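Please treat every number below as a calculation from the coordinates, not as lab data. Computed from a prediction, not measured in an experiment: that's the story for all the values here. We place every Cβ from the backbone using ideal geometry, glycine too, and count neighbours over all the protein chains shown.
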Amino acid sequence: MPPVLDPSDLYTIEPDQPDAGDLGSPVLVHVLSGFLDAGQAGRLAAEHLLGTLRHRTLARFDVDQLYDYRARRPPMTFAGDRWEAFDAPVLELNEVLDTSGRPFLLLTGPEPDVQWERFAAAVGELVDRFTVRLTIGLHAIPMGVPHTRPVSVTAHASRPDILGDHTQWIGRVQVPGNATSLLEFRLGERGHDAAGFAAHVPHYLTQTEWPEAASVLVSSVARLGDLSLPTAELDADAEEIRTAVAEQVEKQPEVLAVVRALEEQYDAFTGAQGRSLLTGEQVELPTADELGAELERFLAEENERRGREG
């Protein structure tokens, strides 16, 4: 890794820290927004964990050194004749207690726009400071899969034996770099155990919230990290949205035909597990546009309704 400026200057440690060994050897889960999060699954998973479990902040990053405000302008509130509020981006590390009281760490906030190497080194320092035994990154990717089948995930790790048996959905590909993946890569180079999960969201649902994918991400963390994490609220939301989508699809024969084609491809792959769903070699993938503007409109209205009721 090339030399970087002092990583310690990127973050501040909050007072009243736990003593050495109080956390044991915790898992660190990181969910960074700004890259790829189909169905907003990573965001939903992080918000769910912080909203349902006890937590406290351990460290805060200096976002001013990492964030491009002109590329991702934070919202400000104007009230009549004055500026009332600024929704400043926050990148912080929290200690979270699972339902059995076991601590783990959760790093959330915007993906750094700059200084990725320095950021990765800074997280590495925190990994050492809190004797983290495993890091797990979360996000979600669009995939040619139907909403009528269980959400699958692409799993990866710095050592193959970390994951155990798992289905390889994707072969060798080159993708745009991102801070989450670089962090996993650099930690692995340093000898730390690092893993990640990417939930597969139907490519025609990437713009709507898909809590089923978030639930699968949380469950994946629980299994790999030996944690007790709740998913009941996500599962209830998922059932509601899944039912609504199914009702809408049944009303549109052309949409239903595309979903059936995706089901056939999915079943063929899971039955034979011979080819990647990204290769397009089994059947020709329909495009997201083929599902029709009506389905997109319906999903947008459904999200808006859920927001009002929430």
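Here the spin labels are modelled as points 7 Å beyond Cα on the Cα-Cβ line, and at Asp226 and Gln207 they lie 4.5 nm apart.
Across the stretch 92-102, computed HN-Hα scalar couplings (Karplus, 6.51 cos²θ - 1.76 cosθ + 1.60, θ = phi - 60°) run 9, 10, 10, 8, 10, 9, 6, 5, 9, x, 7 Hz from first to last residue, x flagging Gly and Pro. Put simply, the amide H of Ile136, placed in the peptide plane, has neighbours under 5 Å in Leu28, Val29, His30, Ala195, leaving out anything fewer than 5 places away on its chain.
Ranked by how many other Cβ atoms sit within 10 Å of their own Cβ, fewest first, the residues Tyr69, Tyr266 fall in the order Tyr69, Tyr266. Residues Val63, Val29, Val259 in ascending order of nearby Cβ atoms (within 10 Å, fewest first): Val63, Val259, Val29. Taking amide H as placed 1.01 Å from N in the peptide plane, Asn94 has its amide H under 5 Å from the amide H of Leu58, Leu106, Leu107, Thr108, each at least 5 places away in sequence or on another chain. Over the residues of the chain, the helix contribution to mean residue ellipticity at 222 nm works out to -11500 deg cm²/dmol, using -39500 (n - 2.57) for each DSSP H run of at least 4. Restricting the stretch 151-237 to trypsin sites (Lys or Arg not before Pro) that sit in a DSSP loop and have at most 13 other Cβ atoms within 10 Å of their own Cβ leaves Arg172.
Computed log10 I(q)/I(0) for the chain at 0.08, 0.14 Å⁻¹: -0.39, -1.15, from the Debye equation with unit scatterers placed on every C-alpha and solvent omitted. Around the amide H of Val201, modelled in the peptide plane, lie the amide H atoms of Ile141, Met143, all under 5 Å away and 5 or more residues distant in sequence or on another chain.
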